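Visitor: Can you read through this structure? Questions will come right after.
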Amino acid sequence: DELLLAAICAVISGAESWTTVVEWSETKLDWLRQHLPFANGIASHDTFGRVFSLLDATQFEACFVKWMGSMCPALHGQHIAVDGKCVRGSHDGKHSAIHLVSAWSSASGMTLSQVRTADKSNEITAIPELLATLDIKGAIITIDAMGCQHNIAAGIVGGGADYVLGVKDNQPGLAEAIRLWFDAAETGALDRPFWEHSHTEKDHGRIETRRCLVTNDVDWLGQQNQHWTGVQSLIMIESTREVIGRNSSGTASVERRFYISSLPAKAAKLAHVVRAHWGIENSMHWVLDVAFREDDCR
């Protein structure tokens with residue numbers, strides 16, 4: 001227990017080796033003793049390495065997930081972002097790089113669960129396995145286009161949660177149909193209801209305007225053999241970015257992204273949920289890359 005407590009706290013604080021785990025633990029020994037006796041002080045770095053090499057990684061992961069679950073006991077109403085990340089430094093001549101799929105709580109900023117896959121293509125099978133480790137009832141699950149699969153949508157709804165799934169070329173028929181729908185609706189060629197929410201930010205030498213268009217006109221999906229469990233809304237996010245100042249070219253870039261959701265078609269709510277999904281990139285992945293240098297790990 002003492003070794004686990006010291007190691008986990010040290011790594012969270014930035015320790016990157018057993019030597020630095022020991023160094024951190026020695027400086028924080030008085031604080032550690034508020035929780036466990038540490039009667040014999042801090043173990044050597046060799047002892048830390050030997051003990052952790054004997055741990056069952058699967059069981060340790062299960063205990064860690066259970067611990068994180070106790071930190072966020074109720075996910076009802078919370079937003080959970082699911083995304084994959086490749087640990088590039090884990091690649092060598094014999095083994096492919098480790099790919100991890102994580103569930104991240106945007107409210108608490110904590111990783112709730114994580115599973116390992118052989119490669120990115122296996123995210124499709126890993127995502128249901130990941131979600132099965134959590135009680136997702138009442139949560140909102142966001143996943144990028146890799147997770148836009150019929151079985152994943154059905155599993156989320158079956159677990160009592162809602163989904164917002166990115167739609168790209170892995171679902172070409174669906175992506176094109178949604179694009180054409182919004183094109184027609186905006187030009188007035190299609191007389192169907194849609195709602196809009198927009199937000200403009202000026203930061204880091206650029207102005208970005210994000211428009212979120214949503215509709216509850218989803219009945220036609222079935223006519224195109226697009227049967228998605230629980231779908232209630234279609235979403236288009238249009239991001240317009242313009243560099244300002246000396247480096248400005250005078251032109252703006254425009255990007256459109258599409259989503260399907262089991263949530264009602266409320267533009268402001270869905271704009272917030274889609275925006276929050278990128279927190280897993282900006283918060284969790286960035287910290288792992290920059291603070292913990294995860295990509296350098298083997």
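Visitor: Which residues, taken from the stretch 220-242, are surrounded by 13 or more Cβ atoms within 10 Å (Cβ to Cβ) and of a type in the set (F, W, Y)?
Guide: Of everything in the stretch 220-242, just one residue is surrounded by 13 or more Cβ atoms within 10 Å (Cβ to Cβ) and of a type in the set (F, W, Y), namely W228.
Visitor: Select from the stretch 136-160 the residues that are in contact (Cβ under 8 Å) with a residue 40 or more places away in the chain and either surrounded by 20 or more Cβ atoms within 10 Å (Cβ to Cβ) or in contact with a helix residue (DSSP H, G or I) (Cβ under 8 Å, 6 or more places away or on another chain) (or both) and list them in ascending order.
Guide: I136, A139, I140, I141, T142, I143, D144, M146, G147, C148, A153, I156 - these are the residues of the stretch 136-160 that are in contact (Cβ under 8 Å) with a residue 40 or more places away in the chain and either surrounded by 20 or more Cβ atoms within 10 Å (Cβ to Cβ) or in contact with a helix residue (DSSP H, G or I) (Cβ under 8 Å, 6 or more places away or on another chain) (or both).
Visitor: Related question: Restricting to the stretch 22-54, name every residue that is among the hydrophobic types (A, V, I, L, M, F, W, C) and in contact with a Leu (Cβ under 9 Å, 6 or more places away or on another chain).
Guide: Of all residues in the stretch 22-54, those among the hydrophobic types (A, V, I, L, M, F, W, C) come to 22, 24, 29, 31-32, 36, 38-39, 42-43, 48, 51-52, 54.
L32, L36, F38, I42, A43, F48, V51, F52, listed by residue number.
Visitor: Follow-up question, since we're still on this one. Can you pull out every residue in the stretch 146-163 that is among the hydrophobic types (A, V, I, L, M, F, W, C) and either in the same structural domain as G222 (by TED's automatic domain parsing) or touching an Asp or Glu at 6+ places or on another chain (Cβ under 9 Å) (or both)? First the steps, then the outcome.
Guide: Pass one, the stretch 146-163, residues among the hydrophobic types (A, V, I, L, M, F, W, C): 146, 148, 152-154, 156-157, 161.
Scanning the stretch 146-163 gives M146, I156.
Visitor: If you go through the stretch 243-271 one residue at a time, how many are surrounded by fewer than 16 Cβ atoms within 10 Å (Cβ to Cβ), modelled with pLDDT of 90 or more and not basic (K, R)?
Guide: 5
Visitor: Still on this structure, please answer the following. Anything in the stretch 86-135 that is at pLDDT below 75, more than 14 Å from the chain's Cα centre (by Cα) and either crowded, with 18+ Cβ neighbours inside 10 Å or not charged (D, E, K, R) (or both)? List them, or say none.
Guide: V87, G89, S90, H91, G93, H95, S96, A97, I98, A118, S121, listed by residue number.
Visitor: Could you check the stretch 37-78 and list, in sequence order, the residues that are among the small types (G, A, S), closer than 30 Å to I156 by Cα and either modelled with pLDDT of 90 or more or surrounded by fewer than 13 Cβ atoms within 10 Å (Cβ to Cβ) (or both)?
Guide: Selection gives A57, S70, A74, G77.
Visitor: Then there's this: Sort through I141, I156, I127 and tell me the only one that's in contact with a Phe, Trp or Tyr (Cβ under 9 Å, 6 or more places away or on another chain), closer than 25 Å to P264 by Cβ and part of a helix (DSSP H, G or I).
Guide: Checking each option against the conditions leaves just I156.
Visitor: Okay, moving on. Return the pair list, or none, for Cβ contacts closer than 7 Å from residues in the stretch 199-222 that are farther than 20 Å from A267 by Cα to residues that are at pLDDT below 95 and part of a strand (DSSP E or B), at least 6 apart or on different chains.
Guide: From the stretch 199-222, the pairs are G205/V243; R206/R241; R206/E242; R206/V243; I207/T200; I207/E242.
Visitor: For the stretch 169-192: of the residues being in contact (Cβ under 8 Å) with a residue 40 or more places away in the chain and more than 15 Å from V231 (Cβ to Cβ), which is surrounded by the fewest Cβ atoms within 10 Å (Cβ to Cβ)? Talk me through it step by step, then tell me what you get.
Guide: Keep residues of the stretch 169-192 that are in contact (Cβ under 8 Å) with a residue 40 or more places away in the chain, which gives 173-175, 177-179, 181-182.
From what is left, the residues that are more than 15 Å from V231 (Cβ to Cβ) are 179, 182.
Numbers: R179: 14, F182: 20.
Per the criteria, the residue is R179.
Visitor: If you take the residues of the stretch 17-36 that are closer than 22 Å to W67 by Cα and not basic (K, R), which of them is surrounded by the fewest Cβ atoms within 10 Å (Cβ to Cβ)?
Guide: Checking each candidate, the answer is Q34.
The values are calculated or read from the model by the stated rules, or taken from the named source; none is laboratory data. Treat the numbers as computed from the prediction; the structure is a model and nothing was measured. Note that each Cβ is placed from the backbone with ideal geometry, even for glycine, and that neighbours are counted across all protein chains shown.
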